[in-house]
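**Q** Structure in C-alpha cells, see below.
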Amino acid sequence: MPIARAAAPVTLEAIELRVLQIPLVAPFTTSFGTETVREVIIVRARTAAGDGWGEIVTQHAPLYSSEYTQGAWDVAERILAPALLDAGSIAPAQVAPLLAPFVGHRMAKAGLELAVLDAALRAEGRGFGAYLGAVHDRVPSGVSVGIQRDEAALVDTVGGYLDAGYVRIKIKIKPGRDIGDTAAVRAAFGAIPLQVDANSAYTLADADTLAELDRFDLLLIEQPLQEDDLVDHAALARALRTPVCLDESITSHKAAADALALGAASVINIKAGRVGGYLEAVRIHDLCAQAGVPVWCGGMLETGIGRAANAALAALPGFTLPGDVSASDRFYHRDIVTEPMVLEDGHVRVPTGPGLGVEIDHDALEAFTVARAELRR
Ligand code: NPG
C-alpha cells in the first residue's frame, strides 16, 4: 500500500534562523579540506500550534557543493523564509513547490521544509519515521573516517570505530591517499564491510588507478568524479568492478533518474540537504527501490536535529546498505538535543516521539549560536 505522506497545514508566525559553530571532537579531513568546527544553520518554525526545527547543512565554504553558510543565510533570510511567511498557512508538501521558482539553494530549502514538517507532525502527535514510511525501529550505523596523518593512524582510528561497534567503515580518499590507505585497512581488519569516498577528487584520466581498488572487494566507490560528470561516471563504471555510487551528482529525483538511465551509478547516496528536502529524498528512494538500485543515507555532520531525521529516512525499506548515520559523539562532545543519538549494538534508534522525536537543549543551542535573526509575518 502506498504511504500517504500528507500532513495538515500549519500557520507560520515567525521563522528564526541561527548560525551555530560547534567544535568537532577531532579534525575531519576530506579531499576538499579539514574542518575543526561544524558551522550550521538551525531553523525554528514558530507556528500557532508550536515550534518545529530544521537544519541547513551548508558548510562555511563552498567546497563540497556551491552552497555555503553565508549564501544560505542570505537566501533563507531575504527570499525563502519571507516566501513561506507570506503563504501563512502551509502544509509540508507545499513547501518545495512554493520555493521551486527560486533556483538551487537546496540545502536552505531542505532545512526550511524540515522545520515545517517537524512543526506539522508535532501538532498532530505523529512521528517523522511513521510519516515517511519507516519499516525499522533502528538502523545499522556506518562511520565515515577522514583522511588521517598516515596509514598507521588510519588503522588506529578505524580500529577504534570497529571496537565501538560500527558495522561499516567508509574511508575518505584522494589522489596519493587511495590504494595504500585502502590496502592498510584491508590488511589490518580483513573482510569488514568497507567503502571509499573520493568527494570528486579524480578525473576519468585516473581510471587505471581507481581500477586498482577492484582488488579490495569494496562495497562501493563514492563520487570519484565531478558533480556534473555523469557521462564520465558512466564510462568509469564500465571500467571498474567496484560499484560506483553517486553523492554530489544526485541533486534531485531527475538527476537520479538520469544517472540510472546513463549507467553512471549502481548505488545512490541519499542526503536530504543535497536534494532539497526529505520529501524529495523519499521520491529518490522510491525511484531506486522500483529500479532495484540500493540506496543508503549519507551524512553531513548533522546535529541531533538532522541526525534524528536521517535515522527515520534510513529506516525506509529501500535503504539496504548501512548509512553514515553515526552516534552524535562521533563528531560532538556536546549536541543541541537533550538525548543525543547513541550507538547500541552497531545501530542507532529511530526516534518515535512526535515530529523528529528529539527535544532541543536550549542552553547548548544558545552556547553555540554566533548569529540570529527572527523573521515575522
Ligand atoms: O557521518 O555525517 C557524517 C559524515 C559523513 O563523510 C561524510 N560526509 O562527503 O559525504 C560527505 C561528507 C560531508 C560532510 C560532506 C559534511 C559535506 C559536508
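The values are calculated or read from the model by the stated rules, or taken from the named source; none is laboratory data. Predicted model, so just to flag it, every value in this text is computed and none were measured. For neighbour counting, all protein chains shown are included, and Cβ atoms are generated from backbone atoms with ideal geometry for every residue, glycine included. Heavy atoms of the whole protein, side chains included, go into the accessibility calculation; ligands, DNA and RNA do not. Shrake-Rupley method; radii C 1.70, N 1.55, O 1.52, S 1.80 Å.
**Q** Could you check segment 331-349 and list, in sequence order, the residues that are open to solvent by less than 20 Å² (accessible area, probe 1.4 Å) and under 15 Å from residue 303 (Cα atoms)? It would help to see each step written out before you state the result.
**A** Kept after step one, since they are open to solvent by less than 20 Å² (accessible area, probe 1.4 Å), are these residues of segment 331-349: 331-332, 335-337, 346, 348.
331, 332, 335, 336, 337, 348 - these are the residues of segment 331-349 that are open to solvent by less than 20 Å² (accessible area, probe 1.4 Å) and under 15 Å from residue 303 (Cα atoms).
**Q** Return the pair list, or none, for Cβ contacts closer than 8 Å from residues in segment 151-164 that are free of Cβ contacts under 8 Å to residues at least 40 places away in the same chain and assigned by TED's automatic domain parsing to the domain that holds residue 182 to residues that are surrounded by fewer than 16 Cβ atoms within 10 Å (Cβ to Cβ) and of a type in the set (Gly, Ala, Ser), at least 6 apart or on different chains.
**A** From segment 151-164, the pairs are 151/180.
**Q** Go over the candidates 110, 93, 76, 134 one by one and state the one that is of a type outside the set (Val, Ile, Thr), in contact with a Leu (Cβ under 7 Å, 6 or more places away or on another chain) and open to solvent by less than 10 Å² (accessible area, probe 1.4 Å). Steps first, please.
**A** Working: 110 fails: in contact with a Leu (Cβ under 7 Å, 6 or more places away or on another chain); 93 fails: open to solvent by less than 10 Å² (accessible area, probe 1.4 Å); 134 fails: open to solvent by less than 10 Å² (accessible area, probe 1.4 Å).
Unique residue meeting the criteria: 76.
**Q** Taking the residues in segment 166-183 that are within 21 Å of the chain's Cα centre (by Cα) and away from the ligand (no atom under 11 Å from the Cβ) as candidates, determine which candidate is farthest from residue 150 (Cα to Cα). Reasoning before the result, please.
**A** Keep residues of segment 166-183 that are within 21 Å of the chain's Cα centre (by Cα), which gives 166-174.
Those still in the list that are away from the ligand (no atom under 11 Å from the Cβ) too: 167-169, 173-174.
On the way: 167: 23, 168: 21, 169: 17, 173: 12, 174: 13 Å.
That would be 167.
**Q** Answer yes or no: is there a residue in segment 167-179 that is on the phi > 0 side of the Ramachandran plot and assigned by TED's automatic domain parsing to the domain that holds residue 223.
**A** Of the residues in segment 167-179, the ones on the phi > 0 side of the Ramachandran plot are 176.
If we keep only those that are assigned by TED's automatic domain parsing to the domain that holds residue 223 as well, we get 176.
Yes, the conditions are met somewhere in segment 167-179.
**Q** Okay, moving on. I need the full set of residues from segment 35-64 which are touching a residue at least 40 places away in the same chain (Cβ under 8 Å) and surrounded by fewer than 19 Cβ atoms within 10 Å (Cβ to Cβ), in order please.
**A** 49, 50, 51, listed by residue number.
**Q** For segment 249-256, check the following and say yes or no: at least one residue is away from the ligand (no atom under 16 Å from the Cβ) and open to solvent by 30 Å² or more (accessible area, probe 1.4 Å).
**A** yes
**Q** Additional query: Within segment 302-320, restricting attention to residues that are within 15 Å of residue 132 (Cβ to Cβ) and away from the ligand (no atom under 16 Å from the Cβ), which residue is most open to solvent (accessible area, probe 1.4 Å)?
**A** 317
**Q** Does segment 328-357 hold any residues that are outside any loop (DSSP other than H, G, I, E, B) and farther than 14 Å from residue 140 by Cβ, and which are they?
**A** Initially, segment 328-357 is screened for residues outside any loop (DSSP other than H, G, I, E, B), giving 328-330, 337, 344, 347-349, 355.
Passing the criteria: 328, 329, 330, 337, 355.
**Q** If the requirement is being near the ligand (Cβ under 9 Å from one of its atoms), within 15 Å of the chain's Cα centre (by Cα) and open to solvent by less than 10 Å² (accessible area, probe 1.4 Å), which of these qualifies: 323, 299? Don't jump to the end; show me each part of the working.
**A** Values: 299 fails: open to solvent by less than 10 Å² (accessible area, probe 1.4 Å).
Going through 323, 299 in turn, just one is near the ligand (Cβ under 9 Å from one of its atoms), within 15 Å of the chain's Cα centre (by Cα) and open to solvent by less than 10 Å² (accessible area, probe 1.4 Å): 323.
**Q** Turning to a different aspect of this structure: With the requirement that a residue be in contact with a Leu (Cβ under 9 Å, 6 or more places away or on another chain) and either assigned to a strand (DSSP E or B) or among the small types (Gly, Ala, Ser) (or both), what does segment 285-308 give you?
**A** Listed by number, the residues that qualify are 289, 291, 295, 296, 297, 304, 306, 308.
**Q** Could you tell me whether residue 102 is within 26 Å of residue 44 (Cβ to Cβ) and open to solvent by less than 10 Å² (accessible area, probe 1.4 Å)?
**A** Numbers: within 26 Å of residue 44 (Cβ to Cβ): yes; open to solvent by less than 10 Å² (accessible area, probe 1.4 Å): no.
For residue 102, the condition - within 26 Å of residue 44 (Cβ to Cβ) and open to solvent by less than 10 Å² (accessible area, probe 1.4 Å) - is not met.
**Q** Do we find that residue 260 is assigned to a helix (DSSP H, G or I) and open to solvent by less than 30 Å² (accessible area, probe 1.4 Å) in this structure? If you could, list the steps in order and put the result at the bottom.
**A** Working: assigned to a helix (DSSP H, G or I): yes; open to solvent by less than 30 Å² (accessible area, probe 1.4 Å): no.
Here the answer is no, as residue 260 does not meet what is asked.
**Q** On to the next question. Of all the residues that make up segment 217-234, how many are more than 16 Å from the ligand (Cβ to nearest atom), buried (at least 16 other Cβ atoms within 10 Å of the Cβ) and among the hydrophobic types (A, V, I, L, M, F, W, C)?
**A** 2
**Q** Another one. Looking only at residues in segment 4-34 that are touching a helix residue (DSSP H, G or I) at 6+ places or on another chain (Cβ under 8 Å) and surrounded by fewer than 14 Cβ atoms within 10 Å (Cβ to Cβ), which one is farthest from residue 370 (Cα to Cα)? Outline the logic, then answer.
**A** Quick first cut of segment 4-34, residues touching a helix residue (DSSP H, G or I) at 6+ places or on another chain (Cβ under 8 Å) only: 5-10, 12, 14-15, 17-22, 25.
Okay, now just the ones that are also surrounded by fewer than 14 Cβ atoms within 10 Å (Cβ to Cβ), so 6, 8, 25.
Values: 6: 35, 8: 33, 25: 19 Å.
The residue in question is 6.
**Q** Sticking with this structure for a sec: Considering only residues of segment 263-284 that are on the phi < 0 side of the Ramachandran plot, of a type in the set (Gly, Ala, Ser) and in a loop (DSSP other than H, G, I, E, B), which is most open to solvent (accessible area, probe 1.4 Å)? Walk me through it before giving the result.
**A** To start, the set of residues in segment 263-284 that are on the phi < 0 side of the Ramachandran plot comprises 264-275, 278-284.
Add one more test, that the residue is of a type in the set (Gly, Ala, Ser), and what stays is 264-266, 272-273, 281.
Narrowing further to those that are in a loop (DSSP other than H, G, I, E, B): 264-266.
Values: 264: 0, 265: 12, 266: 55 Å².
If we take residues in segment 263-284 being on the phi < 0 side of the Ramachandran plot, of a type in the set (Gly, Ala, Ser) and in a loop (DSSP other than H, G, I, E, B), then 266 is most open to solvent (accessible area, probe 1.4 Å).
**Q** Kindly provide the set of residues from segment 194-210 that are farther than 13 Å from residue 237 by Cα and either acidic (Asp, Glu) or crowded, with 16+ Cβ neighbours inside 10 Å (or both), ordered by number.
**A** In the first step, residues of segment 194-210 are kept if they are farther than 13 Å from residue 237 by Cα; the result is 194-202, 205, 209.
Within segment 194-210, 194, 195, 196, 197, 198, 199, 200, 201, 202 meet the criteria.
**Q** Also, quick follow-up: Only one of 143, 158, 139 is modelled with pLDDT of 95 or more, of a type in the set (Val, Ile, Thr), open to solvent by less than 40 Å² (accessible area, probe 1.4 Å) and more than 23 Å from residue 55 (Cβ to Cβ); which?
**A** Just one listed residue meets the conditions, 158.
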